[in-house]
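Structure record follows, encoded as structure tokens.
The values are calculated or read from the model by the stated rules, or taken from the named source; none is laboratory data. The structure presented is a predicted model; accordingly, all values stated were derived computationally and were not measured. All Cβ positions, even for glycine, are placed from backbone atoms using ideal geometry, and neighbour counts span all protein chains on display. Surface areas here come from the heavy atoms of the whole protein model, side chains and all, with no ligands, DNA or RNA. Shrake-Rupley method; radii C 1.70, N 1.55, O 1.52, S 1.80 Å.
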Amino acid sequence: MKKYKKVNYPIEDVRHYLEPSPTVLLTSAFKEERNVMTLGWYTIMEFVPSLIGCMISGGNHSFELIRKSNECVINLPTLELSKTVVSIGNCSGTEIDKFEEFNLNTAEGEMVNAPLLVNCYANFECRLYDCKLVNDYNFFIFEIVKAHVAKVPKYPKTIHYRGNSHFVQSGKNIIIPSAK
């Protein structure tokens, strides 16, 4: 087994190694206002109920929409939408209507008022489950209350944010049997 020689590494950059989860588009709405943001940092917290934790910056337009509505939709884009995903993340919903600017097609949710992005492979309707960490850490815990997933392909090509404009494209899926 290979042994790796290591050097000291900046603590603030360790996320580049620990966070390559699929980058998602999070949609939110409150009254007549709506927004979409790019999100690369989240974590699955529980399977039943299906809980997901997301850190959303207090300076982000979506932050207040979610605080007021207590809901959102997590949309899973595929590789084909990668330039749009990056562009959405590089502008503010306080300045432009991102749905119009990026020609995003939407549908109504079944359980929440935030829009679903129909050009995304999957849409996960979420309701705020726990807000204890929002004031101190901007950390929302959502329960996924409805899931819409395309049947094909079984494993879509997604992008995974590593920081500093670096992404990883999902690759070959493999099965590694557990040792018995």
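For this structure, a couple of remarks:
- Placing unit charges on the Cβ atoms of the charged side chains and taking the dipole of segment 127-173 about its Cα centre, the candidate lying farthest along the positive direction among TYR137, THR158, ALA147 is THR158.
- Taking the Cα centre of the chain as reference, the dipole from Cβ charges on Lys and Arg (+1) and Asp and Glu (-1) amounts to some 1240 debye.
- Peptides ranked, highest mean first, by Cβ atoms within 10 Å: ranges 96-109, 118-131: 118-131, 96-109
- Each residue of segment 88-94 was assigned a 3J(HN,Hα) from its phi angle through the Karplus curve 6.51 cos²θ - 1.76 cosθ + 1.60 (θ = phi - 60°); the sequence is 4, x, 9, 9, 10, x, 6 Hz, with glycine and proline shown as x.
- Taking the chain as a Gaussian network of alpha-carbon nodes connected by springs under 10 Å, the highest mean-square fluctuation of the residues VAL149, VAL36, VAL86 belongs to VAL149.
- Protein heavy-atom surface of the chain, 1.4 angstrom probe: 52% of the accessible area is carbon and sulfur, with nucleic acids and ligands not counted.
- Given LYS68/LYS146; LYS5/LYS180; LYS154/LYS180; LYS68/LYS132; LYS68/LYS98, the pairs whose alpha carbons are separated by over 23 Å: LYS5/LYS180; LYS154/LYS180
- Counting only protein heavy atoms and a 1.4 Å probe, the chain has 66 square angstrom of accessible area per residue.
- Largest mean-square fluctuation among PRO156, PRO49, PRO77, in a Gaussian network model of the chain whose springs join Cα atoms under 10 Å apart, belongs to PRO49.
- In this simple spin-label model, placing a label point 7 Å from the Cα along the Cα-to-Cβ direction at both LYS157 and GLU32 gives a separation of 4.2 nm.
- Shown in residue order for segment 25-36 are the 3J(HN,Hα) couplings computed by the Karplus curve 6.51 cos²θ - 1.76 cosθ + 1.60 at θ = phi - 60°: 10, 9, 9, 9, 7, 8, 6, 8, 9, 8, 7, 9 Hz (x for Gly and Pro).
- Built amide H within the under 5 Å cut-off of ARG162, gap 5+: PHE167, VAL168
- Of interest is the spacing of the C-alpha centroids, which for segment 33-98 and segment 119-138 amounts to 8 Å.
- Of the residues GLU46, GLU71, GLU143, GLU12, the one with the largest accessible area comes first in the ranking GLU12, GLU46, GLU143, GLU71, computed with a 1.4 Å probe on protein heavy atoms.
- Computed over segment 106-180, relative contact order equals 20 percent, with contacts defined as Cα pairs under 8 Å that lie 6+ residues apart.
- The relative contact order of the chain, computed from alpha carbon pairs under 8 Å that lie at least 6 residues apart in sequence, is 25 percent.
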